Amino acid sequence: MSFSIWLWPPAPPIPQQQTLEDYSAFAKALDPECFSILQKPSGASPYQQDECADKDAIQRKGYRDLAQSIRASNAAEEAVWLSYLQTRAAVVGAAFLVLTLAATAWAAWAAADAAQIAGKSAVASFRAADAADRAIAVASDTAQRQLRAYLSVEPDENVEASFLSGRLVLGLKTVNRGQTPAYRVNQWLDFQIGPSPLVESPFKVSRQILRDRKSERPPFTPSDIAPGDHLSFGINTGRQVSSADQQLIAKGLLRIYVVGKVYYRDAFKCRRYSQFCFALTFYNRRIAMDAATDGGNRSN
């Protein structure tokens, strides 16, 4: 009896079938405006109809990929559970074999040898089930990495960075490079003037500014960004850049660093962020904006 208990493997988690809402609910939650236009195209312009049709094609591809991944994950979980049941059957069979052949000394010896073989088979089956469970976890993580939203902040080529009455004016855009939508996208940003290369990250100063302004409302309203889409936002800072600093910046002795952070949730309900730092440099009275590799650019 103790031998059978030793071979009895612990049960894996009972398979929980994961389901995905139908595409109509998915599309309506993702982009209500385009969903309404596609349902009643007569009330929209041809340009709006074409734009929403393109977005709908991208969303349908992401929805199909996500649904296929969920079906594969459900099938793998069921395979693990069936393997566990087979292992239990093998253990029960080994125990009955030992009791049946225990009538004689020779039969007992033969039963012991058979039980040893069955024990190794049961342990091997349990290890196989455990390996399959780990493979499911790896496959699920891989699917999330392939399908999740990836947001990056980039310079907006349609807005030229400049000084307007001593105030910095520039344009940025948040782009979704992933395969599924990003939900409730929010962000904050600030700019600092410092040497090049950086002595310390400008985020240290900007975090203190953010804490001092914590009672204020967020500067941007949370929005959703579909795959391949972007959200543009122009910036007209309220702080003045002195003439002396502008001269040092023009000579390359100082640089302006635009820093910020984007927060969002992906389709798998995970909290994500992207932290960025852009360095502004003057070239022939124009401002170039490049990623500052020493400014703390990172994301999760």
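The values are calculated or read from the model by the stated rules, or taken from the named source; none is laboratory data. This one's a predicted model, so the numbers in the text were calculated from it and none came from an experiment. With ideal geometry, Cβ positions are generated from the backbone for all residues, glycine too; neighbour counts draw on all protein chains shown. Accessible surface is based on the protein model in full, side chains and every heavy atom, while ligands, DNA and RNA are left aside. Shrake-Rupley method; radii C 1.70, N 1.55, O 1.52, S 1.80 Å.
Determine, from the Cβ-Cβ distance of residue 45 and residue 68 and an R0 of 35 Å, the FRET efficiency 1/(1 + (r/R0)^6), rounded to the nearest 0.05. So, using R0 = 35 Å, E works out to roughly 0.50. When peptides 260-268, 131-139 are sorted by average Cβ neighbour count within 10 Å, with the highest value leading, the order is 260-268, 131-139.
Taking each of 28/261; 40/61; 28/61 in turn, the alpha-carbon distance tops 25 angstrom for 28/261. Applying 0.36 nm per residue to the separation of residue 61 and residue 142 and subtracting their alpha-carbon distance, the gain on full extension is 27.4 nm.
Simple point charges give the picture: +1 on the Cβ of Lys and Arg, -1 on the Cβ of Asp and Glu, and for the range 42-98 a dipole about the Cα centre of about 300 debye. If the chain linking residue 85 and residue 243 were pulled fully straight, counting 0.36 nm for each residue of separation and taking away their Cα-Cα distance, it would gain 49.1 nm.
Placing 28, 173, 55 in order of accessible area, with the largest value first and a 1.4 Å probe, yields 28, 55, 173.
Principal axis extents of the Cα atoms in the range 121-166, from largest to smallest and rounded to whole angstrom, are 80, 18, 8.
Grab the Cα-Cα distance for residue 164 and residue 75, subtract it from 0.36 nm times how many residues apart they are, and report the gain in nm with one decimal. Here the answer is 26.0 nm.
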